[in-house]
Each structure stands twice: as structure tokens, then as C-alpha cells.
1. Is there a residue being open to solvent by less than 80 Å² (accessible area, probe 1.4 Å) and within 14 Å of chain A (Cβ to nearest Cβ) anywhere in segment B:317-340?
2. Suppose the filter is in contact with a helix residue (DSSP H, G or I) (Cβ under 7 Å, 6 or more places away or on another chain), within 14 Å of chain B (Cβ to nearest Cβ) and over 30 Å from B:LYS357 (Cα atoms); does A:ALA75 pass it?
3. Quick one: which residue in A:LEU226, A:LEU219, A:LEU203, A:LEU237 is modelled with pLDDT under 85, surrounded by 13 or more Cβ atoms within 10 Å (Cβ to Cβ) and among the hydrophobic types (A, V, I, L, M, F, W, C)?
4. Taking the condition of a type in the set (Gly, Ala, Ser) and surrounded by 22 or more Cβ atoms within 10 Å (Cβ to Cβ), does A:GLY44 pass?
5. Working carefully through the options A:GLY18, A:GLY24, find the one that is of a type in the set (Gly, Ala, Ser) and open to solvent by less than 30 Å² (accessible area, probe 1.4 Å).
6. Against the conditions (1) in contact with a strand residue (DSSP E or B) (Cβ under 6 Å, 6 or more places away or on another chain); (2) β-branched (Val, Ile, Thr); (3) within 14 Å of chain A (Cβ to nearest Cβ), where does B:VAL233 fall short? Just the number, please.
7. When you check A:LYS116 against the structure, is it in contact with a strand residue (DSSP E or B) (Cβ under 8 Å, 6 or more places away or on another chain), surrounded by fewer than 23 Cβ atoms within 10 Å (Cβ to Cβ), over 13 Å from B:GLY227 (Cβ atoms) and more than 11 Å from chain B (Cβ to nearest Cβ), yes or no?
8. Working only within segment A:149-171, note down all residues that are part of a helix (DSSP H, G or I) and among the aliphatic types (A, V, I, L, M).
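The values are calculated or read from the model by the stated rules, or taken from the named source; none is laboratory data. This one's a predicted model, so the numbers in the text were calculated from it and none came from an experiment. All Cβ positions, even for glycine, are placed from backbone atoms using ideal geometry, and neighbour counts span all protein chains on display. Ligands, DNA and RNA are excluded from the accessible area calculation, which covers all protein heavy atoms including side chains. Shrake-Rupley method; radii C 1.70, N 1.55, O 1.52, S 1.80 Å.
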Amino acid sequence: MAAPALLELTRLEVAYGGIHAVKGIDLIVRQGELVCLIGANGAGKTTTLKGITGLQPVKAGKIVYDGADVTGKPAFQLVRKGLSMVPEGRGVFGALTIEENLAMGAYSRRDRVAIKQDIERVFGLFPRLKERRKQTAGTLSGGEQQMLAMARAIMSRPKLLLLDEPSMGLAPLMVQKVFETILTIAAEGVTILLIEQNAKLALEVSHRGYVMESGTITLSGDARQLLSDPKVREAYLGEAV
Amino acid sequence: MSLAARRSGIPVHVWAGVALVAIALGVLPFVAALAGQAWVRILNFAMIYTMLALGLNIVVGFAGLLDLGYIAFYAVGAYTYALLASPQFGIHLPFWVILPIGASIACLFGVLLGTPTLKLRGDYLAIVTLGFGEIIRIFLNNLNAPLNFTNGPQGINLIDPFRIGGFSLASTETFFGISFSGPQKYYYMLLLLTIAVIFVNLRLQNSRLGRAWEAIREDEIAAKAMGINTRNVKLLAFAMGASFGGIAGAVFSATQQFISPESFGLFESIIVLAMVVLGGMGNIPGVILGAVLLTLLPEVLRYTMEPLQMALFGRVVIDAETIRLLVFGVALVAIMLFRPAGLWPSAVRKRELEVAKEEAAA
């Protein structure tokens, strides 16, 4: 018996700037899973995420999170329910220190003592950030900023974490580090929906995967099976089959 | 530092400093009066502008929303006081009744401006707020027909001064053998109000709301992702900034006892914004410094430019009124060139500029 669904999208449609970018997709993320949504640029991955988090109005369909219908709910309410996200392009607070960034991540919480403890715990997970705790986030490299954005997201103690293109614009070595970070967070018991262009790496770390193409899900299943699927290999892994 | 002082949390030298500042502020109106009562009035204006600038600082400095029509709230507060305490309608409510009413009405106008502009940022927001400020002024200018509300361009005269019981702040009185002039009494009243406004602003900055404003200023999408209700938090910035503007306006009305739409033009908006920016956006001591400096500087220039020219050239080459504005403008440009983050910037603002510089270099 599979674990209960934490997030379930049913026939979700989202428009983006007049374009019907997401044309009715079904997607499930179960408790404790790491699921990836892969696809080329413009396939509608980020629009899907914006639809889930209320940053973009949903045209049709339903989003159920943790047993409740959250279709069209604004992001700030979702965060309070334990659905956290790392927006595309990281969005760290550049002029604030790393510590202040992490404290901001706990904005939805009011338990000051536990927040302090969590900051230390997060520093334990990310020693690189601890070394630079008094530095401003703007002075970090792209990869470190991504790391900080993810660390900040788990400060809200999420049940589900949505990651939007965490590897975007990073050097290959940093991409590796970011994926290690994702595994670290998953090991903490956080369920993750990962949106990625880097199909190979995403499928390698995930349990299951969905492939998106011009607004629809064309393939889905076990991540390892998808990795060996000839269609995926040809379209996303750049291999001639 | 002694152990006892350390345990009490606030060291002795801080208390001593506070006491010194308190004494200095206490005798200041008498020192200023040596140069004439006009200088006491200028000090009073410095405090009114301090309140105004602190209110604008919430919107511009804390939340990062560029508001060019802020003076409208000042006008709303001023006219609220004027209409409720003058022969205009024959209503004469006491100031402690009007002050909260003025703040509330200004707050309402803040929400009125904030709601339609929630999605706007930067230049676009600036344009809309600029228009809003002008609309309010033009309304006040024209609301004398068909029904006469504001007396139009003539303004409202004979506004009641602050009065507590039978004790008016406008007249000269003698206590303990010391004669207190009207402006000097106003000074103490304004000082108390200004300290209260500063205190509220300090508390706001360090509150949860203050952090939410900071997050929105830095990155609005990320702020949403932190669980911040950006819509309400931005509206609160407008509402609270407007309330302080309203209070300052009501006080202005009572101090001047005369107001007209002329006092609420675009130039005033720009000056208040300049106080915030030059002083140090987002930093409360900086904003106070900016407000005091920009109130005093033009006045000091007004009185020094002619004697200075006489001393240098033996005659007045340029009219004091003309050169005053010229020197004032040059001073503003110089401050921005040499201290782009303001005279007394906040730590975060300084870092923002550093980050921007690094990004530009990269």
C-alpha cells in the first residue's frame, strides 16, 4: 500500500500571460517521496508550480494538499500549512545576512526558541552557510545562494517543499552540490516536488518522475524506468537511440 | 562600567547621555528665542517635518514603495483639524478628539491609495501616487463651490490653537517666573508628540511587521514564499505612513492657525522625500537628522546669505531668496554624490548599495 498523497493535482489548467501553458495535468506526490517534474524550457513546469502556490490564477482543475482543497489559495496561506517553495531564480534577500535570511524563512512561525534551534540545526546541515552566517546573502556565489534559499525554505518546517529549477544557471560542480543538498533535505523527512530541466540528475535522485511537454504530462512513472526509457533518453538526455 | 549597571541592561553613560539630550532639548527653545521667536517657530517646523518624514519613511524606507504624493495625507490631517476646529463650520472640537480623527481619516486615505496600487512598483507607483497627491490638492482648491467646504484657494483662517481646558498653547504665559511664549509652549507639546512618534516607529521597525516590510522591499516574490501576506502588509505600510502624515497635518493646522491648499503642493512632497533619502532611508535617526537639517538649512541660508555677501563683496550681488535655493540645491546634490546612502544610512541600506555595486562590477 502506497503512502497517502500529500499533493494531488487533478486536471489542472493554468494560463500564463494569455497562453494556455498548463493544459489539464494530473500529478500526485505521496508523503515522503521525492518526485520530479521534468521537461524542456517552456513546457509549463514553472507555470504549474505558480498555479499550485497561487502566484498564477488557476483556470480549471483542483489542487488538494494534505487532504484539503487549496486551489487558488495564496502562497502565504500555504506556507502556514507547511507547503513551502523555493522560487525560480532563488530570491534570497541580498542585503540581509545569511542568518537574517534564515530567520525570515521562519516568518510564519512564532516559537522563537525553536526557531533559534532550527537555525543551528540548519547550519549543521549546511556548514558552508555557517561559516558565512554574518555575511550578506548577496556576496554568496550562485550555488551558495541556492543552498541558502533551500535552507531558508526548510526554516518554515514544511511538509512539502517545491523546488523550481534549483540547478538553473549554476556551474556543473555547483549543480552536483545543489542536488546533494536536495537529498539532505529529503533525508530530513521533507516531501519534495522538484521541477528541473536537468532531467538526468533529477531522475537520478527522485523516486518517481513526470515528463511535461507543451502543457501536458506525456510520461510518468518510476524514476529509474524513466531514465532507461528510450523516448526520455532521446528527448532529454541527448542520446541517439 | 560597573557590574550593577551592566546587569540593569543599560549602562550608566547611556543614561547620562539621555539626560544630557533631555536637558538640551528642554532649554533649546530659550536658546533659540535669543535669536528671535521666529527660530522657535522654525524648530517647531523641524519637529512637524520629522513626524512627516518618519511617516513617509515607513512607506519608502521600510516597505520600499516610492510614494510621491505623501503630502496628501498631511493635507487630509490638516484640513480635518481645520474643519473641526474653526469658524468654517462653527465646530470647535478639542485637539485630543480631532487628532485621532485626523489620523484615522488620513489612514483611510492611505488605504484608498494603497488598494488600487498594490500591484504597482517603482516608477509606476511613483507616477500614480504623484497623481493622487495632486488630486487631493486640486480638490481642496476647488471644494468651495457649489457647497463651500474648504474655502478654496483662500484657505481656512482662525483655526483654533491647541487648548487644554482654558489653557491655550498660543498665548504667552508666565510660570515660575519664566515667561513662555506661544511658540515655546508649542515646542514642548510638539516635542512630546515627536518623541511618541519616534518611539512607535522604533517599535515598528523591530517588529514582525517591520521584518515583513524589509522582506517585501528586498524581494516581493520571496516575501510571499516566506508566508508573508504581502497585500495586507503593503496596505499597512500605506495606512500607517498616512496616519503619521495625518497627525503631522493636524499639528501643522493648530500651529499655523491658517492653512490653504498652497501648503500641500508637489514641492512639499519632494522636500519630505528628500529628507528621508538624504537622511538615510529606513534608518530612523537618519530620517530625523534629514528632517531637521532640511528644515533648518534653508532658514539659516535665508539669514546668512546677505551678511555673507556684504562681507565678501561689500554689497548684495544676488538676492538672498534666489541664492538660498541655489545653495540648497547644490547642498542636496553634494550629499547625494558623497553619501549616496544618505547622511546616516541604515546598515542594510549600506549593504544594498554594496551588493548593487558588486553586481554592476561583475
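1. no
2. On the way: in contact with a helix residue (DSSP H, G or I) (Cβ under 7 Å, 6 or more places away or on another chain): yes; within 14 Å of chain B (Cβ to nearest Cβ): yes; over 30 Å from B:LYS357 (Cα atoms): yes.
So A:ALA75 passes the test.
3. On the way: A:LEU226 fails: modelled with pLDDT under 85; A:LEU219 fails: modelled with pLDDT under 85; A:LEU203 fails: modelled with pLDDT under 85.
Within the list A:LEU226, A:LEU219, A:LEU203, A:LEU237, the selection yields A:LEU237.
4. Working: of a type in the set (Gly, Ala, Ser): yes; surrounded by 22 or more Cβ atoms within 10 Å (Cβ to Cβ): yes.
It is true that A:GLY44 is of a type in the set (Gly, Ala, Ser) and surrounded by 22 or more Cβ atoms within 10 Å (Cβ to Cβ).
5. Values: A:GLY18 fails: open to solvent by less than 30 Å² (accessible area, probe 1.4 Å).
Among A:GLY18, A:GLY24, only A:GLY24 is of a type in the set (Gly, Ala, Ser) and open to solvent by less than 30 Å² (accessible area, probe 1.4 Å).
6. Here B:VAL233 meets the rest and fails (1).
7. Numbers: in contact with a strand residue (DSSP E or B) (Cβ under 8 Å, 6 or more places away or on another chain): no; surrounded by fewer than 23 Cβ atoms within 10 Å (Cβ to Cβ): yes; over 13 Å from B:GLY227 (Cβ atoms): yes; more than 11 Å from chain B (Cβ to nearest Cβ): yes.
Answer is no for this residue.
8. A:ALA149, A:MET150, A:ALA151, A:ALA153, A:ILE154
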